[in-house]
Amino acid sequence: MDAEKKSSTPRFLPCGETAFSVEFGNIIDLEVNRKVHALSRRLAEARLPGILSLNPTYRSLFVQYDPWESSYEQLILEIEKLLEEPEGPLKDERVMNIPVCYGGEYGPDMDEVASAHGLTVKEVIALHSAPLYHVYMIGFTPGFAYLGGLDPRLFI
């Protein structure tokens, strides 16, 4: 993997006067995303003064803070210290079963997807329901999960 795309050293980018982003790379990658979530958990556990919210994304952690309680510079120093510590085992990884409805009013494009790939509807369902998907992040719509792990034979 190219060093420019997946970095072991995160970048800190100011986002206005009360937030910054900690970027771990510029690609969608499971290892990068796990680093994002690991830092988010560590910061939540550390309860550093001034942090108002933590928003993990595919490849970065958005940190909003209260500048009256902590400065950008102080928070960066604290985060750098946390990042120097070895990562412990992954926590909070769990499997959730999500019921899915295929075709009809719930998937009016099912026949088109199958046809585009030269598959039957049953084959599309089998390929789609087989993998364990990784939740990279929760989106802007409440509860909307951005998943990874789709079989490439279903890319469209």
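The values are calculated or read from the model by the stated rules, or taken from the named source; none is laboratory data. These numbers were taken from a predicted model, which means no experiment stands behind them. A quick note on method: Cβ atoms are made from the backbone with ideal geometry, for glycine too, and the neighbour counts reach across all protein chains shown. Surface areas here come from the heavy atoms of the whole protein model, side chains and all, with no ligands, DNA or RNA. Shrake-Rupley method; radii C 1.70, N 1.55, O 1.52, S 1.80 Å.
With each label point set 7 Å from Cα along the Cα-Cβ vector, what nm distance links ALA145 and SER71?
Calculated label separation equals 4.2 nm.
With every protein chain kept in the model, how would you rank ILE98, ILE125 by accessible area, 1.4 Å probe, largest at the top? It would help to have the intermediate numbers written out before the result.
On the way: ILE98 125, ILE125 50 Å².
Ranking ILE98, ILE125 by accessible area, largest first, yields ILE98, ILE125.
If I compute solvent accessible area with a 1.4 Å probe over the protein chains, what percent of it on the chain is carbon and sulfur?
Heavy-atom surface of the chain belonging to carbon and sulfur, 1.4 Å probe: 56 percent.
Starting from the Cα gyration tensor of the stretch 9-156, multiply each eigenvalue by 5, take the square root, and state the resulting semi-axes largest first in whole Å. Could you put the intermediate results ahead of the total?
Values: eigenvalues 295, 47, 37 Å².
Equivalent ellipsoid of the stretch 9-156: 38, 15, 14 Å, largest first.
For TYR102 and LEU127, compute 0.36 nm times the residue count separating them, minus their Cα-Cα distance, and round to one decimal in nm.
Values: separation 25, 0.36 × 25 = 9.00 nm, distance 1.24 nm.
Stretched out fully, the TYR102 to LEU127 stretch lengthens by 7.8 nm.
Quick one: net charge around THR18, please, counting Lys, Arg +1 and Asp, Glu -1 for every other residue with C-beta under 15 Å from its C-beta.
On the way: positive: none; negative: GLU17, ASP66, GLU69, GLU73.
Cβ neighbours under 15 Å give a net charge of -4.
When Lys and Arg each count +1 and Asp and Glu each count -1, what net charge do the other residues less than 10 Å away from GLY103, Cβ to Cβ, add up to? Don't skip to the answer; put the middle values down first.
On the way: positive: none; negative: GLU105, ASP109, ASP111.
With Lys, Arg at +1 and Asp, Glu at -1, the neighbours total -3.
Looking at the stretch 36-118, which trypsin sites (Lys or Arg not before Pro) are DSSP coil and have at most 16 other C-beta atoms within 10 Å of their C-beta?
Filter output for the stretch 36-118: ARG47, LYS91, ARG94.
Excluding VAL113 itself, calculate the net charge of residues whose Cβ lies under 14 Å from the Cβ of VAL113, where each Lys or Arg counts +1 and each Asp or Glu counts -1. Before the final figure, lay out each step's value.
Details: positive: LYS122, ARG153; negative: ASP109, ASP111, GLU112, GLU123, ASP151.
In short, -3.
Which FRET efficiency value, to the nearest 0.05, do you get for ASN26 and ARG94 by plugging their Cβ-Cβ distance into 1/(1 + (r/R0)^6) with R0 = 22 Å? Please report the intermediate quantities before stating the final value.
Numbers: r = 28 Å, r/R0 = 1.29.
After rounding to 0.05, the efficiency reads 0.20.
Pick out, from HIS128, PRO142, ILE51, the residue whose Cα sits farthest towards the positive end of the charge dipole of the chain, with +1 on the Cβ of Lys and Arg and -1 on the Cβ of Asp and Glu.
Result: HIS128.
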